[in-house]
Amino acid sequence: MPPRDAVLLQIVRDHGTPCFVYFIDQLRARIAHLRGAFGGRFALSYAVKSNPNPGVLSRLHGQVDSLDVSSGGEVVRARAAGWPGAKLSFTGPAKTASELRAAIEHGVAEIVLESVDEARLLNESCVRAHKTQGVLVRIAPKKVPRGFGVSMSGAATQFGIDEEDIDGAIAAIQALPGLEVRGLHIYSGTQCLRADAIAENYEIFIDLFRRVCETHRLRPQRLIFGSGIGIPYYENDKPVDLAAVAARVNPALDQLAHRLGNPQLVLETGRYLIGEAGVYLTRVIRKKSSRGAEICLCDGGMNHHLGAAGHLGTVLFRNYRMFRLGAPSDGVSRPYNLVGPLCTSIDSFGRQVQLPEINAGDVVGIECSGAYGVTASPIHFISHPPPRELLVETVDGKLCIDESSMFRPPGDAAAGPLFTAR
């Protein structure tokens with residue numbers, strides 16, 4: 001494949017900006033790296049919410065073992081990309097009755113239960129349909145190690161059943177005739193770059209899985225570990241030392257599998273697989289000076305990339321890693337403020353970013369844009385068009401660039417919701 005900058009320059013010339021670019025070869029390499037680090041102990045489940053682009057989902061066939069979906073719309077999206085229901089799990093704290101019915105109809109392998117009330121609602125649909133639905137019970141541990149960018153346990157949470165309440169909940173769920181408890185699920189924190197914290201988190205999972213299964217004489221088919229592995233968004237971030245994580249937890253994984261009858265151990269992840277494989281490109285429309293600051297006004301912004309604008313779970317704003325496309329490597333840098341086209345002061349994705357000299361017409365790239373990009377952003381705000389999405393991969397030794405959109409074009413008369421409640 002040609003150098004990345006050459007590919008991006010070709011995309012800008014042929015497809016324009018703003019756009020997201022996903023490098024599929026890089027995605028595949030990350031999958032192989034993750035499998036290798038744990039010596040094949042984990043099957044891999046891709047979290048569709050991180051990037052549900054249909055082209056990405058279709059290219060994950062044969063690369064990951066299953067998909068995790070979090071809405072009725074994602075069930076439909078995964079099925080449209082050729083994934084059978086038997087390869088899907090369905091998480092989410094507020095699944096509706098219609099979503100649960102649709103999951104049953106699509107043959108979703110396991111629905112991840114986040115409360116006893118949800119289990120009872122699902123059981124009613126199963127009994128009426130004369131079907132038995134496989135389920136996993138999600139546990140919210142009492143403790144999440146320090147170092148996770150977002151914690152989903154350890155305090156009051158909408159996710160899963162509190163560890164303190166899990167025994168009564170398991171017994172209640174096992175008594176429901178329409179459900180088959182096939183295993184357990186924990187995803188308690190995300191975006192962690194510390195190997196010791198990730199390993200400690202997995203050790204908490206292992207202890208909980210063992211205790212709950214033995215207490216309730218549960219012989220699990222699947223145990224899902226929420227990966228929590230982060231990516232280096234910011235300039236001084238260091239990538240996770242995956243080898244250190246694996247060296248610490250692999251022996252414990254082997255012991256767990258042996259003790260519980262060799263269930264499938266699944267690592268559920270999205271950001272770690274696709275995040276660094278994506279770049280967002282936006283063109284500088286014009287520059288202006290204002291009270292000592294140089295401001296670059298761009299054709300894309302918060303409406304396409306909420307995370308880069310610092311509004312996706314970030315407490316303190318920090319600039320994503322950025323570059324000026326086509327700039328010489330030895331160019332002298334200077335500080336710029338980069339803003340998008342929206343009529344709001346919060347549409348800012350770069351503050352005093354050090355970049356080579358920028359002029360109107362130049363293109364800025366934002367790294368780590370493969371996950372939680374366009375679908376996590378307010379694309380309809382002020383009615384700017386959605387960004388284009390391009391997939392780059394090597395096929396039979398040749399460079400291929402394919403356009404694949406997550407959204408129907410605005411004004412499409414045939415456009416409708418991906419999932420309709422019934």
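So the values come out like this:
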| quantity | calculated |
| --- | --- |
| Selected residue [closer than 20 Å to Ser369 by Cα and not hydroxyl-bearing (Ser, Thr, Tyr)] from Leu34, Leu100 | Leu34 |
| Options Leu218, Leu223; residue that is outside any strand (DSSP E or B), in the same structural domain as Glu124 (by TED's automatic domain parsing) and of a type in the set (A, V, I, L, M) | Leu218 |
| Subset of the stretch 325-350 [within 26 Å of the chain's Cα centre (by Cα) and not hydrophobic (A, V, I, L, M, F, W, C)] | Gly340, Asp347, Ser348, Gly350 |
| Close pairs from the stretch 145-157: first part of a strand (DSSP E or B), partner exposed (fewer than 15 other Cβ atoms within 10 Å of the Cβ) and not basic (Lys, Arg), Cβ under 8 Å, at least 6 apart | Gly149/Gly313; Val150/Gly313 |
| Residues of the stretch 226-259 classified as in a strand (DSSP E or B) and either of a type in the set (Phe, Trp, Tyr) or outside the structural domain of Phe205 (by TED's automatic domain parsing) (or both), total | 1 |
| Whichever residue in the stretch 255-284 is of a type outside the set (Gly, Ala, Ser) and within 28 Å of Leu297 (Cβ to Cβ) and, among such residues, is nearest to the chain's Cα centre (by Cα) | Glu276 |
| Within the stretch 358-404, considering residues that are free of Cβ contacts under 8 Å to residues at least 60 places away in the same chain and over 24 Å from Gly310 (Cα atoms), the one surrounded by the most Cβ atoms within 10 Å (Cβ to Cβ) | Cys400 |
| Checking Ala86 against (1) more than 23 Å from the chain's Cα centre (by Cα); (2) surrounded by fewer than 20 Cβ atoms within 10 Å (Cβ to Cβ); (3) assigned to a helix (DSSP H, G or I); (4) not polar (S, T, N, Q), the condition it does not meet | (1) |
| Pairs, first farther than 11 Å from Leu100 by Cβ and in the same structural domain as Gly189 (by TED's automatic domain parsing) in the stretch 121-144, second in a loop (DSSP other than H, G, I, E, B) and acidic (Asp, Glu), C-beta under 8 Å, six or more apart | Arg138/Glu114 |
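The values are calculated or read from the model by the stated rules, or taken from the named source; none is laboratory data. Keep in mind that this is a model prediction, so the values were computed, not measured. No Cβ is skipped: glycine too gets one built from the backbone with ideal geometry, and neighbour counts run over all protein chains shown.
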